[in-house]
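Inspection log for the structure reproduced underneath, given as structure tokens.
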Amino acid sequence: MHRTFADGPSSTAAAYSASKFAVNGFTEALQREEGARVATDMQVAFSGQRQGIPPEQVARRILELAAPAPDGEPGRCEPVG
């Protein structure tokens, strides 16, 4: 059975909320820094259109920067697209 927040406290509620906030915050920061939007399914649900950088492209760049020897400089805004 799938639990919802309406069902009461859950041992995963804090982790879920934190990860959801992180994704939203990261997406907003990316938009402000790069002037670009990340194309998501949620965007399609609201506008009927998919515009922006594909999420897979953003994920690849995150993995590149998280690698043991990233090609970016610490503290520098890195291009995604």
Do you know which residues across region 1-32 are more than 13 Å from the chain's Cα centre (by Cα), at pLDDT 75 or above and not in a loop (DSSP other than H, G, I, E, B)? Ala13, Ala14, Ala15, Tyr16, Ser17, Arg32
Every residue from region 43-63 that is loosely packed, with under 13 Cβ neighbours inside 10 Å and of a type in the set (Lys, Arg): Arg50, Arg60
Is it fair to say Phe46 is out of contact with any helix residue (DSSP H, G or I) (no Cβ under 6 Å at 6 or more places or on another chain), of a type in the set (Phe, Trp, Tyr) and at pLDDT below 75? no
Selection count where residues are at pLDDT below 80 and part of a loop (DSSP other than H, G, I, E, B), scope region 53-75: 9
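The values are calculated or read from the model by the stated rules, or taken from the named source; none is laboratory data. Computed from a prediction, not measured in an experiment: that's the story for all the values here. Using ideal geometry, Cβ is built from the backbone for each residue, glycine included, and neighbour counts are taken over all protein chains shown.
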